[in-house]
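Everything below concerns the one structure shown next.
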Amino acid sequence: MKLIIKKDYEEMCAEAAKTIKEQLDHKKDTTLGLATGSTPEGVYKELIKYYKNGEIDFSQVKTFNLDEYIGLSKENINSFNYFMNDKLFDHINIDKKNIHIPNCDGKNIEEFCRNYDKMIEDSGGIDLQIVGVGQNGHIAFNEPANQLSFGTTIVELAENTIEINSRFFDSIEDVPKKAITMGMGTIMQAEKIIWIANGKGKSKVVEKFLSEKTITTEFPVSILKLHKDLTIIVDEQACSSLGR
Ligand code: GLP
């Protein structure tokens, strides 16, 4: 496990984007696992800059997103489908047929979940997965629980997740209560994982992760300790609880 502490959010994003660029330099047809939320936004801005400077070619890249709300159309500005197109895919030369974001429009969502893991497998697996973290330690939408699904599944969102994510919606009632999420097993099968976290709001999670020697589904991010190639990139504010 590698811990990289950067001065601020901008430097954290630049470091994560540099790692992604290095991965694409090494393997042009990389399969990327991507995250949504405010944390990765700055990373995607850096990737767009690299692309516009002719330093990254996304034409052979495949992507799989971690999660998507159930009940929002792809056109809804709060859907992760909308977020990814708006924040990244519309600004780079990725082939849209190579983009995979959990899709909840279909009739049989359970079947979609099973197929999603198969699609990842058939693409050769995820080479590099970006993850953020929720303030309760959730990864994607794998919420703290006494057990977690190995594969991609439908989940109920935790109350505090609904509350925190309601900042993007007109009202808390508008926040979906369910989502599709890659399971922790799906995520852990990635070759490499980059976990990014910034700001004081994530310092308790980062401090708990780094100081506790336990692994528990009640704190899903702790499961990342088992990964063979985990890089944690944080800013100093996310480490403030460590008394640095
Ligand atoms: C959401 C997403 C997670 C994300 C988390 C933190 O619940 N499902 O993938 O990591 O929130 O979001 P933010 O980066 O906005 O703090």
Name the long-range amide H neighbours of residue 34: under 5 Å, sequence gap of 5 or more, or other chain; modelled H, no Pro or chain starts. 64, 65, 66, 130
For the chain, build the charge dipole from Cβ charges (+1 Lys, Arg; -1 Asp, Glu) around the Cα centre, then report which of 4, 54, 128 sits farthest towards its positive end. 4
For residue 140, list long-range residues whose amide hydrogen, built 1.01 Å from N in the peptide plane, is under 5 Å from its own amide hydrogen. 132
In the full protein assembly as shown, how much of residue 31 is accessible to a 1.4 Å probe, in Å² to the nearest 10? 0 Å²
How much of the DSSP beta bridge set in segment 2-242 is antiparallel, as a percent to the nearest 5? 25 percent
Among 227, 63, 198, which residue has its Cα furthest toward the positive end of the charge dipole of the chain, with +1 on Lys/Arg Cβ and -1 on Asp/Glu Cβ? 227
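Multiplying the sequence separation of residue 212 and residue 75 by 0.36 nm and subtracting their Cα-Cα distance, what value in nm do you get? Write down the numbers at each step before the final one.
Details: separation 137, 0.36 × 137 = 49.32 nm, distance 4.13 nm.
Full extension of this stretch gives 45.2 nm more.
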Residue 146 and residue 28 label points (each 7 Å along its Cα→Cβ direction) are spaced in nm at 5.3 nm
Using θ = phi - 60° and the Karplus curve 6.51 cos²θ - 1.76 cosθ + 1.60, what whole-Hz ³J(HN,Hα) does each residue of segment 229-239 get, with Gly and Pro shown as x? 9, 9, 10, 9, 10, 10, 9, 5, 5, 6, 10
Using the crude model of +1 on Lys and Arg Cβ and -1 on Asp and Glu Cβ, and no other charge, please compute the dipole size for segment 162-203 relative to its Cα centre, in debye to 20. 220 debye
What full-extension length gain, to one decimal in nm, is calculated for residue 59 and residue 103 as 0.36 nm per residue of separation minus the Cα-Cα distance? 13.6 nm
Under 37 °C and 0.692 mPa s, how fast does segment 2-242 diffuse according to Stokes-Einstein, given a Kirkwood radius computed over C-alpha pairs? Answer in µm²/s, whole number. 183 µm²/s
If you stretched the chain out fully between residue 90 and residue 121, how much longer would it get, using 0.36 nm times the residue separation minus the C-alpha to C-alpha distance? 8.6 nm
Links that overshoot a 21 Å alpha carbon limit, given the list 21/192; 204/225; 87/107; 27/62; 118/192: 87/107
Per its Cα gyration tensor (rounded if a/c is under 1.5, else prolate when a/b beats b/c, else oblate), segment 139-204 is best filed as oblate
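The values are calculated or read from the model by the stated rules, or taken from the named source; none is laboratory data. The structure displayed is predicted, hence computed values, not measured ones. Methodologically, a virtual Cβ is constructed for each residue, glycine included, from the backbone with ideal geometry; neighbour enumeration extends over all protein chains shown. To get the accessible areas, we keep the full protein, side chains included, count just its heavy atoms, and leave off ligands, DNA and RNA. Shrake-Rupley method; radii C 1.70, N 1.55, O 1.52, S 1.80 Å.
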